[in-house]
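Encoded as structure tokens, the structure appears first; notes follow it.
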Amino acid sequence: MLEFGESSMSVLTTLPPTFTPDEVAGIARDLYGLAGSLAPLDSERDQNFRLTEGDGASWVLKIANAAEDRQALAFHAALVRHVQAVDPDLPLPHLRPTLAGEDLGKAGGHFVRLVSWLPGQLYSACRKTAELHDSLGESLGRLDRALQSFGHPGAHRVFDWDIKQAGQSRARLAFIEDRKRCAILEHFLGRFEARIAPRLARARAQVIHGDANDNNLLVDAPVGRRITGLIDFGDAIHSATIGELAVASAYAILDEAAPIDVAGRIAAAYHRVHPLQSDELDLLFDLIAMRLVTSVTLSASRRERVKDNAYLNISEAPAWAMLERLRSMDPALATGILRHACGVEAAPGAKAVVAWIAKNRDVLRPVLDKAPALQSKAMVPFGDPLHPVAKASAARQPDEAERLWRAIADKDGVELGIGPWGEERPVYSSDAFRSVFAPDHRRSLHLGLDLFAPAGSNVRTPLDGVVVDLFETDVPLDYGHAVLLKHEPDGLVFYSLWGHLSAQTVRDRRVGERLKAGDVIGQLGGTHENGNWQPHVHIQLITHEAPRAA
């Protein structure tokens, strides 16, 4: 489909205007009665200049692409005027009419606009701070709150940069020659087509800026703390509300060490001003990735035609690097971080599951042959970095750790060792615990409940469940052998993970098998088969949809 008034031309394929400085000076004089010094500005598809008058007043003269449509430009002008009326303190450029009193001038077959110059430095050129991320989210929230009450015929169009059209990137995969990169794009496109696009079609929609990238944002200083300008409404469109945040976040996180934390901070600030719906937050991670997919595929498809346009190619390398990082992340965990940042339940349904377990705890069957409640218990000292048991475990000497623990247990009459949820654990020493969300950090919190007992001890399901996954690995300090069960009591759906089991357990169970409450899941694995740990079972509950691990 074609853009407004394109005929066979498109603003994405038609090269920008090429007026000389002398010609631009004549346009400024004839249309606006202005004279002054001119400095060219980068643009993807237009030709822009900063015009500075003798008294220091500055303007931006925008000469539109020959394929640009009058209705689209009228839409941009109406948008800016609407926002200024609703939220006059938002830093948007003001439109100056021509000498004839019109919003748009005409020169050499091109539409011309003149807007006020906003002070500040490009977001891309400043050092980012937490305060700047807050300001970005707040500014976009205010903008979209103001645009809720705005509509215009020019806002409805088919446009490659529209986040709702991100699936069209598949048609450009042929331009990606690197097989590894192509596989990354296939991954995100597959998720978008199967999981995201149907939900996006039902999400809130309104007019959005649509392109709050780091070259369309102005900040207050070399060390950015405040957004001083939102510029360039050329990509404004009626689209999904969450697209505004996805686009801005995709560019804001490019060079960040902890990108999802930064995206969460921006989202939280936006949410405080223009509340997001939980379903929208569930789309955000994938939409951030899909903005980058759109960017790199469009760049690849246009490489030969615009290979000398630095503006178009400036973000390609960091976009690929970020796509590779996003591919390594668990979308469910990333989404949980984003939801938590906005004060929304990180794992949807978790509170309901916790409440059900609390209400029904008396009917749950024991997970060991002898109920843990009836055994004498003590904490296994994994959380004490100076304890010999912890030292042996960190050094990957599980047999020595077990010998030391058994000596303590025998001396104190302990039957069952406990590893509590949320414990800080220095024993997590392998690369498996290095965070993909922040590479300079590693996960150190225990996210389950451990029960330490002799190898071969039976492990039982406390309630009815179906085996949905069987997992095995020889990676040190991983789960070794594990079983994932799905439970559906009283209309709820959640999963239980049982890790560090024996190899025989995985051979005995089968996917789809139904276990009744009290049935044996398997047995505790020995140190040679359970991920190189002391014998124990790791129990973890999961409320999001659990994809198969192997």
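Quick notes on this structure:
- Region 219-288: relative contact order in percent, alpha carbon pairs under 8 Å with at least 6 residues between: 33 percent
- Across the protein chains, with a 1.4 Å probe defining accessible surface, the residues Glu345, Glu177 rank Glu177, Glu345 from largest area downward.
- Put simply, the Cα atoms of region 225-383 extend 74, 32, 30 Å along their principal axes, the longest span coming first.
- The alpha carbons of region 326-428 occupy a box of 48, 39, 20 Å along the principal axes, longest dimension given first.
- Simple point charges give the picture: +1 on the Cβ of Lys and Arg, -1 on the Cβ of Asp and Glu, and for region 406-505 a dipole about the Cα centre of about 160 debye.
- Surface accessible to a 1.4 Å probe, Tyr479 within the full protein complex, Å²: 60 Å²
- The chain pair-distance distribution - Cα-Cα, 20 Å bins, rounded %: 19, 43, 25, 12, 2
- Taking the Cα centre of region 180-300 as origin and assigning +1 to Lys and Arg Cβ atoms and -1 to Asp and Glu Cβ atoms, the resulting dipole is close to 220 debye.
- For region 46-129, the alpha carbon convex hull comes to 146 Å³ per residue, rounded to a whole number.
- DSSP-assigned coil residues among trypsin sites (Lys or Arg not before Pro) in region 434-535, each with at most 16 further Cβ atoms within 10 Å: Arg443, Arg510, Lys516
- Where Rh is the Kirkwood radius over Cα pairs, Rg/Rh for region 374-495: 1.00
- Simple rule: put +1 on each Lys or Arg Cβ and -1 on each Asp or Glu Cβ in the chain, find the dipole, and look at Thr297, Leu92, Phe471; the Cα lying farthest toward the positive end is Phe471.
- Rounded to the nearest 20 debye, the dipole magnitude of the chain is 800 debye, with +1 charges on Lys and Arg beta carbons, -1 on Asp and Glu beta carbons, and the Cα centre as origin.
- Cα gyration tensor, region 50-93 - rounded (a/c under 1.5), prolate or oblate: oblate
- Taken over the C-alpha atoms, region 116-191 has Rg and Dmax values of 18.2, 46 angstrom.
- Tensor-based shape of region 148-226 (alpha-carbon gyration tensor, a/c under 1.5 rounded, otherwise prolate or oblate): oblate
- Amide H contacts for Arg157 (H built 1.01 Å from N in the peptide plane; partners 5 or more residues away or on another chain; cut-off under 5 Å): His238.
- Per-q log10 I(q)/I(0), region 115-248, q = 0.18 Å⁻¹ (Debye; single scatterer per alpha-carbon; no solvent): -1.06
- Surface accessible to a 1.4 Å probe, Asp255 within the full protein complex, Å²: 140 Å²
- Across region 523-536, coupling constants 3J(HN,Hα) worked out from phi with the 6.51/-1.76/1.60 Karplus curve, θ = phi - 60°, read 10, 5, x, x, 4, 7, 9, 10, x, 6, 10, 4, x, 5 Hz, and Gly and Pro carry x.
- The largest accessible area among Asp178, Asp282, Asp362, Asp235 belongs to the first residue in Asp362, Asp178, Asp282, Asp235, and the rest follow in falling order (1.4 Å probe, all chains).
- Distances between placed amide hydrogens fall under 5 Å for Asp464 paired with Ala517, all partners being 5 or more residues away or on another chain.
- In Hz, Karplus ³J(HN,Hα) per residue of region 24-33 (6.51, -1.76, 1.60; θ = phi - 60°; x = Gly, Pro): 5, 4, x, 5, 5, 5, 6, 8, 10, x
- In order along region 186-203, the phi-based Karplus estimate (6.51 cos²θ - 1.76 cosθ + 1.60, θ = phi - 60°) of 3J(HN,Hα) comes to 4, 4, 6, 5, x, 5, 4, 5, 8, 10, 8, 4, x, 6, 5, 5, 9, 6 Hz; Gly and Pro are listed as x.
- Selection from Leu51, Gly151, Ala28, by position along the positive dipole direction of the chain (Cβ): Gly151
- In the chain, lysine pairs with alpha-carbon atoms under 22 angstrom apart (chain gap of 8 or more, or interchain): 11
- Of Pro275, Pro398, Ile418, farthest towards positive along the dipole that unit charges on Lys, Arg, Asp, Glu beta carbons give the chain: Ile418
- Descending principal axes extents, region 105-157, alpha-carbon based, whole Å: 44, 29, 19
The values are calculated or read from the model by the stated rules, or taken from the named source; none is laboratory data. Quick caveat: nothing in here was measured; it's all calculated off a predicted structure. Reconstructed Cβ throughout: ideal geometry from the backbone, glycine too, with neighbour counts over all protein chains shown. Remember, those area values only see protein heavy atoms, side chains included, never the ligands or the DNA or RNA. Shrake-Rupley method; radii C 1.70, N 1.55, O 1.52, S 1.80 Å.
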